[in-house]
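Remarks on the structure that follows.
The values are calculated or read from the model by the stated rules, or taken from the named source; none is laboratory data. Please read these numbers as outputs of a predicted model, since none were measured by experiment. In this analysis, Cβ positions are derived from the backbone assuming ideal geometry, glycine residues included, and neighbour counts consider all displayed protein chains.
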Amino acid sequence: MAGHPGSDRLGGPGSIEAILGWVIAHEAPNMIPLPLLGETTEAPESPETASRLRDRLSRTMLKTVGEYQLIKEGDRILVAVSGGKDSYTMLELLWEARKKAPVDFELVAVHLDQGQPGYDGRALAAWLKALEVPHEIVHEDTYSIVLEQARDNATYCAPCSRLRRGILYSSAERHRCNKLALGHHRDDALETLFMNLLYAGRLQAMPARYRTNDGRFEVIRPLLECAEDDLARHAANERYPIIPCNLCGAQSGLKRDRAAELLATLEREIPNVRNIMLSALKNVRPSHLLDVEVAEAWEASAHKYPARK
Ligand code: SF4
């Protein structure tokens with residue numbers, strides 16, 4: 001992709017802020033107003049066509065990208081493609097956005113074949129090739145290591161994620177990427193919030209971006225405000241060749257599953273509760289929590305921000 005004159009100016013034609021302007025200007029016919037705090041990102045009540053759903057997901061993603069400054073001029077982003085519905089969607093929407101975006105950035109898709117029994121990545125490989133996105137399929141037998149490391153009643157996901165993350169970091173280094181994009185969505189963030197709140201006694205969800213402890217990479221989550229149901233419907237519309245994980249699916253009683261059940265129960269009682277909770281994560285009152293360090297930090301810097309209603 002060619003560079004754009006003046007693209008390094010903050011707020012100028014090449015800035016990421018301009019992506020939002022571009023979306024609004026060029027997708028006006030299908031435009032649903034961008035959601036404000038407290039508004040819903042859920043599907044409209046009338047049946048939604050596949051292309052409108054795709055547009056809505058794209059706009060939600062670009063809003064998150066703009067609001068949290070996830071992509072900047074010159075970024076080289078490793079997009080982690082697990083073979084699940086979320087990462088397929090993330091890659092396809094980012095790839096489309098890149099072609100039209102007023103900022104110049106690169107994508108490299110990386111998929112990890114973990115050596116799970118029954119794994120067949122041929123359809124995924126064909127899909128990546130058809131998309132014409134630069135990509136790599138890494139083969140590492142993490143499956144045997146995870147089985148070895150997970151004790152009888154431990155979950156597979158914890159050791160598996162650590163191994164996967166390490167391999168992705170090595171891949172990012174090899175591909176000279178400065179960022180890693182992960183496909184976590186709104187419901188992942190809320191489940192994490194519940195798990196931390198109910199099992200760990202911690203008020204913590206998922207950030208849209210953070211820097212790794214060693215400072216080498218920034219991890220970004222462009223789909224963090226997208227609803228899982230929407231992603232599932234989009235994936236079905238697109239017929240993505242999903243590769244199921246046979247490891248964690250074999251486990252029952254996981255805390256994450258329990259958190260998801262609780263959210264579903266709440267949603268039945270309080271319609272739209274997931275979006276309300278997402279709004280709450282963006283609308284924090286540090287002065288009304290009990291963490292002394294947070295309260296002190298807030299008091300010291302509150303003069304910088306307008307009073308919250
Ligand atoms: S879902 Fe499967 S692949 Fe992903 S972290 Fe858990 S065990 Fe590993």
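Among the residues making up region 200-226, those that are over 21 Å from Val284 (Cβ atoms) and either among the hydroxyl-bearing types (Ser, Thr, Tyr) or in contact with a Gly (Cβ under 6 Å, 6 or more places away or on another chain) (or both) are Thr212, Leu223.
Of everything listed in (1) under 21 Å from Leu53 (Cβ atoms); (2) within 16 Å of the ligand (Cβ to nearest atom); (3) exposed (fewer than 14 other Cβ atoms within 10 Å of the Cβ); (4) not charged (D, E, K, R), the single unmet condition for Leu231 is (3).
Taking region 249-267 as the range and being more than 16 Å from Phe194 (Cβ to Cβ) and either at pLDDT 95 or above or of a type outside the set (A, V, I, L, M, F, W, C) (or both) as the test, the residues that pass are Gly249, Gln251, Ser252.
On inspection, Asn246 passes the criterion of being over 21 Å from Thr192 (Cα atoms), surrounded by fewer than 15 Cβ atoms within 10 Å (Cβ to Cβ) and within 16 Å of the ligand (Cβ to nearest atom). The set of residues in region 125-163 that are part of a helix (DSSP H, G or I), within 12 Å of the ligand (Cβ to nearest atom) and in contact (Cβ under 8 Å) with a residue 60 or more places away in the chain comprises Tyr143, Val146, Cys157, Cys160.
Might you let me know whether region 98-108 holds any residue that is within 14 Å of the ligand (Cβ to nearest atom) and either closer than 19 Å to Phe217 by Cα or without any contact (Cβ under 8 Å) to a residue 40 or more places away in the chain (or both)? Scanning region 98-108 turns up no residue that is within 14 Å of the ligand (Cβ to nearest atom) and either closer than 19 Å to Phe217 by Cα or without any contact (Cβ under 8 Å) to a residue 40 or more places away in the chain (or both). Can you find even one residue in region 22-42 that is over 30 Å from Ala126 (Cβ atoms), modelled with pLDDT under 95 and touching a Phe, Trp or Tyr at 6+ places or on another chain (Cβ under 7 Å)? Looking for residues that are over 30 Å from Ala126 (Cβ atoms), modelled with pLDDT under 95 and touching a Phe, Trp or Tyr at 6+ places or on another chain (Cβ under 7 Å), one finds none in region 22-42, hence no. Scanning region 72-113 for residues being within 13 Å of the chain's Cα centre (by Cα), in a loop (DSSP other than H, G, I, E, B) and either over 25 Å from Asn246 (Cα atoms) or aliphatic (A, V, I, L, M) (or both) gives a total of 1. Among the residues of region 65-93, the one identified as within 13 Å of the ligand (Cβ to nearest atom) and surrounded by fewer than 18 Cβ atoms within 10 Å (Cβ to Cβ) is Gly84.
Return the total of residues in region 283-296 being surrounded by fewer than 11 Cβ atoms within 10 Å (Cβ to Cβ) and in contact (Cβ under 8 Å) with a residue 12 or more places away in the chain.
Qualifying residue count for the region: 1.
Results for (1) modelled with pLDDT under 95; (2) in contact with a Lys or Arg (Cβ under 7 Å, 6 or more places away or on another chain); (3) among the basic types (Lys, Arg), shown as yes or no for each residue.
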{"position": "Arg162", "(1), (2), (3)": "yes, no, yes"}
{"position": "Ser170", "(1), (2), (3)": "no, no, no"}
{"position": "Arg176", "(1), (2), (3)": "no, yes, yes"}
{"position": "Leu180", "(1), (2), (3)": "no, no, no"}
{"position": "Gly183", "(1), (2), (3)": "no, no, no"}
{"position": "Leu193", "(1), (2), (3)": "no, no, no"}
{"position": "Asn196", "(1), (2), (3)": "no, yes, no"}
{"position": "Arg211", "(1), (2), (3)": "no, no, yes"}
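Given the conditions (1) closer than 11 Å to Leu180 by Cα; (2) at pLDDT below 95, which single one is not true for Lys99? Failed condition: (1).
Looking at this structure, is Arg258 in contact with a strand residue (DSSP E or B) (Cβ under 6 Å, 6 or more places away or on another chain) and surrounded by fewer than 18 Cβ atoms within 10 Å (Cβ to Cβ)? Don't jump to the end; show me each part of the working.
Values: in contact with a strand residue (DSSP E or B) (Cβ under 6 Å, 6 or more places away or on another chain): no; surrounded by fewer than 18 Cβ atoms within 10 Å (Cβ to Cβ): yes.
Here the answer is no, as Arg258 does not meet what is asked.
Table: residues versus (1) under 29 Å from Leu78 (Cβ atoms); (2) β-branched (Val, Ile, Thr); (3) within 16 Å of the ligand (Cβ to nearest atom); (4) within 25 Å of the chain's Cα centre (by Cα).
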position: Leu203; (1), (2), (3), (4): no, no, no, yes
position: Pro222; (1), (2), (3), (4): yes, no, no, yes
position: Cys226; (1), (2), (3), (4): yes, no, no, yes
position: Ala260; (1), (2), (3), (4): yes, no, yes, yes
position: Leu263; (1), (2), (3), (4): no, no, no, yes
position: Asn275; (1), (2), (3), (4): no, no, no, yes
position: Asn283; (1), (2), (3), (4): no, no, no, yes
position: His288; (1), (2), (3), (4): no, no, no, no
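The residue pairs whose first member lies in region 172-200 and is closer than 23 Å to Ala109 by Cβ, whose second member is aromatic (Phe, Trp, Tyr) and not in a loop (DSSP other than H, G, I, E, B), and whose beta carbons are closer than 8 Å, counting only pairs six or more residues apart or on different chains, are Leu180/Tyr169. The number of residues in region 254-279 that are outside any helix (DSSP H, G or I) and touching a helix residue (DSSP H, G or I) at 6+ places or on another chain (Cβ under 9 Å) comes to 2.
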